[in-house]
1. What about residue 86, is it free of Cβ contacts under 8 Å to residues at least 24 places away in the same chain and surrounded by fewer than 18 Cβ atoms within 10 Å (Cβ to Cβ)?
2. Can you report the number of residues in segment 223-241 which are within 27 Å of the chain's Cα centre (by Cα) and more than 16 Å from residue 133 (Cβ to Cβ)?
3. So which residues in segment 177-210 are closer than 23 Å to residue 148 by Cβ and assigned to a helix (DSSP H, G or I)?
4. If you check residue 12 against the conditions, is it crowded, with 24+ Cβ neighbours inside 10 Å and within 16 Å of the chain's Cα centre (by Cα)?
5. Among the listed residues 300, 237, identify the single one that is surrounded by fewer than 24 Cβ atoms within 10 Å (Cβ to Cβ), closer than 30 Å to residue 207 by Cβ and free of Cβ contacts under 8 Å to residues at least 40 places away in the same chain.
6. Can you find, within segment 23-52, the residue that is surrounded by the most Cβ atoms within 10 Å (Cβ to Cβ) among those that are touching a strand residue (DSSP E or B) at 6+ places or on another chain (Cβ under 8 Å) and in a loop (DSSP other than H, G, I, E, B)?
7. If the requirement is being in the same structural domain as residue 116 (by TED's automatic domain parsing) and on the phi > 0 side of the Ramachandran plot, which of these qualifies: 306, 291?
C-alpha cells in the first residue's frame, strides 16, 4: 500500500511539514537521514544544521534564546507525539519519479512507494576542508553570520570572514554590528561581489581586507575555542597569524539534491526551482520542496519552517484533488 506522503529531511522545514501533514490525517512518513560518518562530515546528520548550533536567538517564541538541539528535538517530538508522524532513520539514496506512485530507495536496502513527496533536504554550507576547522565548528567556526554573529563570544571581538562574493560581503556587513574589527580574507586582490556590495564593505572602517591570502589553520584550544587564524599569502608564500575569536566561512552552499538525479528541475547552483514563487510546487506534479533546498536567498530556520507549512498544505490539497484521502 503506497504512502500518502513521504517527507525527506529533518530540519525545520521537514518537521513543520510533518506537523501540518499529521494534523491533516495524512499519516506522513519522515526519512530523517542515517547516523553515519559520511553524514557527519557533510553536516547532514538527523535534526539538521541547527542541531550543531549552540544558541539560537532569532527563532520566535524564545525570548532568552534556545539551544539548537533542544529546538530541533522539540520539533521532532511535536511531529511524532502530537501529529503522529512516523520516522525512519535512514537516507533516501534515490528516487524514481517517472511513474506513479513514486518509488524511493533507502540506505537500508528497502523501497517505499508514495503518492506525494516533500523534499526538505536542505543545503550544506561549503567549508574550507581544514582539519582544524572541523575541530572548532560551533566554537568559533561558523558559516552563518545571521545565525551566530550576535552570540556573546563574538561581541566586540575581532572576527574573520572568508570569501569574496556577495555572500561574504553580506556576512561581513552584518557582522560589523557586533565585531570590533573584521578581517576579510580573499584569495584574489579584488572582490567578486557586486560593485555596490564591494564598495559598501570596503568603505567600512571596521573591515580590513586581507588580499591574495588563504586560511591555513584555525588556532585555539579546548577551553577558549578559536583564538586565531593562520593565513598564507599566495604572493609571497609567507604565513601570518590573525588574532580572532571567530571565522565565518562564506564560500557558498551546496543544495542536497543528489538523490534526485536530475529528475526535478534545479537552477544552475543546484537549488530546486519552484514553479510558483508563492507555492512549493516543483517541476514534477506531486513533488513539493521546502526549506534551504529551494531557497538560495534567506536560508533561515524560520523561513524554512514557513515553507514546510506551505509544502504540507500544498500536498494535502493536491492529494485531495487526486482522490487520495
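The values are calculated or read from the model by the stated rules, or taken from the named source; none is laboratory data. Small disclaimer: the values here were computed from a predicted structure and weren't measured. Here Cβ is always computed from backbone atoms with ideal geometry, including for glycine, and neighbour counts include all displayed protein chains.
1. No: the conditions fail for residue 86.
2. Summing the residues that are within 27 Å of the chain's Cα centre (by Cα) and more than 16 Å from residue 133 (Cβ to Cβ) in segment 223-241 gives 1.
3. Within segment 177-210, 197, 200, 201 meet the criteria.
4. yes
5. 237
6. 28
7. On inspection, the qualifying residue turns out to be 291.
Okay, residues lined up against (1) in the same structural domain as residue 288 (by TED's automatic domain parsing); (2) under 17 Å from the mean Cα position of the chain (by Cα); (3) free of Cβ contacts under 8 Å to residues at least 40 places away in the same chain; (4) farther than 21 Å from residue 292 by Cβ:
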position: 26; (1), (2), (3), (4): yes, no, no, yes
position: 39; (1), (2), (3), (4): yes, yes, no, no
position: 60; (1), (2), (3), (4): yes, no, no, no
position: 63; (1), (2), (3), (4): yes, no, yes, yes
